[in-house]
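The values are calculated or read from the model by the stated rules, or taken from the named source; none is laboratory data. All values reported here derive from a predicted model rather than from experimental measurement. Quick reminder, even Gly has a Cβ in these numbers, built from the backbone with ideal geometry, and neighbours come from all protein chains shown.
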């Protein structure tokens, strides 16, 4: 259940209630794809201010499998995380891994090859929702068709039609499972339509007519320019139901978060802060970024970021982190990941305060 507390002309402050607690909006979800974030423990993530964890249906389905997780008591018990969890439906991964031609779209789902061993697999709306229920997710995403940013209009039109057909099926399966188990997981619809505003509006209107607990903008941050990204969000976000959470998938750069909160978005996720951390790009609390492997940091003995909310950022020097990356020590990833995630979560906290 979503409660809108305050709003400016476009930005919103609210509370999203789930089975495992309340989340203050707007918020950013750290991505723990297979139930963990590379380099950080759950306690460290919580200490930085995380309110929710995002995990991925596709990856957990392959390893260790939803059946194993269910036997363990569900994903929360399995990974020892007692706060909310959102699971991506797996649709993006299926289509992403299938771009090499090893994927076939059928009426009731997608046939594709396991990227780990080449086995033939099938996931559709029914399978995706069942997997997410077995995992015990708090927020479940519908299985959608996410076309590449380079897709033609006819391809995008077809993807929208498929997304809407599958969304209806997801809703039926979800409602049936909720009634059977007595659980109250939230189900979010995903708005597709590429860079075509009319198709985005059509998709949103039909999803609203089906009725979901929240609505996400999908199929962005997949190769389009930032200007195009902002154009779509600015136009579509205000059209999304005011009494439901609005989720922008795959966006997480600080300037993008600030801009899109101003457009009325409540929820974000992105691998960006963690991915660039592993390659030595360090986000700082003043809004700048440094490349810690650069030679100029070899003798830089000042703190990584003296104003950081991360104890790693405050208590370790730039020269030490430079050394760790050069020596290929795993601690480098931990320090960098903690610093970067702290910056993103602090941006969101400041936005909520504002």
Hits in the range 300-353 (condition: free of Cβ contacts under 8 Å to residues at least 12 places away in the same chain and outside any helix (DSSP H, G or I)): 306, 327, 328, 329
Among what's in the range 190-207 and is in contact with a helix residue (DSSP H, G or I) (Cβ under 9 Å, 6 or more places away or on another chain) and free of Cβ contacts under 8 Å to residues at least 40 places away in the same chain, pick the residue that is farthest from residue 161 (Cα to Cα). 197
Scanning the range 159-177 for residues that are buried (at least 18 other Cβ atoms within 10 Å of the Cβ) and out of contact with any helix residue (DSSP H, G or I) (no Cβ under 7 Å at 6 or more places or on another chain), the one farthest from residue 123 (Cα to Cα) turns out to be 159
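Residues checked against (1) under 17 Å from residue 156 (Cβ atoms); (2) surrounded by 15 or more Cβ atoms within 10 Å (Cβ to Cβ); (3) in contact with a helix residue (DSSP H, G or I) (Cβ under 7 Å, 6 or more places away or on another chain); (4) assigned by TED's automatic domain parsing to the domain that holds residue 88:
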site: 214; (1), (2), (3), (4): no, yes, no, yes
site: 220; (1), (2), (3), (4): yes, yes, yes, yes
site: 245; (1), (2), (3), (4): no, yes, no, yes
site: 249; (1), (2), (3), (4): yes, yes, no, yes
site: 254; (1), (2), (3), (4): no, yes, yes, yes
site: 259; (1), (2), (3), (4): no, yes, yes, yes
site: 264; (1), (2), (3), (4): no, yes, yes, yes
site: 285; (1), (2), (3), (4): no, yes, yes, no
Consider the range 6-43. How many of its residues are modelled with pLDDT of 95 or more, under 30 Å from residue 235 (Cα atoms) and part of a strand (DSSP E or B)? 15
I'm trying to understand the selection: among the residues of the range 29-43, which are surrounded by 17 or more Cβ atoms within 10 Å (Cβ to Cβ) and in contact with a strand residue (DSSP E or B) (Cβ under 9 Å, 6 or more places away or on another chain)? 29, 30, 31, 32, 33, 35, 37, 42
It is to be established whether one or more residues within the range 35-48 are in the same structural domain as residue 250 (by TED's automatic domain parsing), more than 17 Å from the chain's Cα centre (by Cα) and on the phi > 0 side of the Ramachandran plot. yes
Among residues belonging to the range 62-103 that are out of contact with any helix residue (DSSP H, G or I) (no Cβ under 7 Å at 6 or more places or on another chain), at pLDDT below 90 and part of a loop (DSSP other than H, G, I, E, B), point out the one that is farthest from residue 19 (Cα to Cα). 101
When you scan the range 44-61, do you find a residue that is loosely packed, with under 15 Cβ neighbours inside 10 Å and part of a loop (DSSP other than H, G, I, E, B), even just one? no
The condition of being closer than 19 Å to residue 269 by Cα and in the same structural domain as residue 218 (by TED's automatic domain parsing) holds, among 129, 123, 105, 140, only for 140
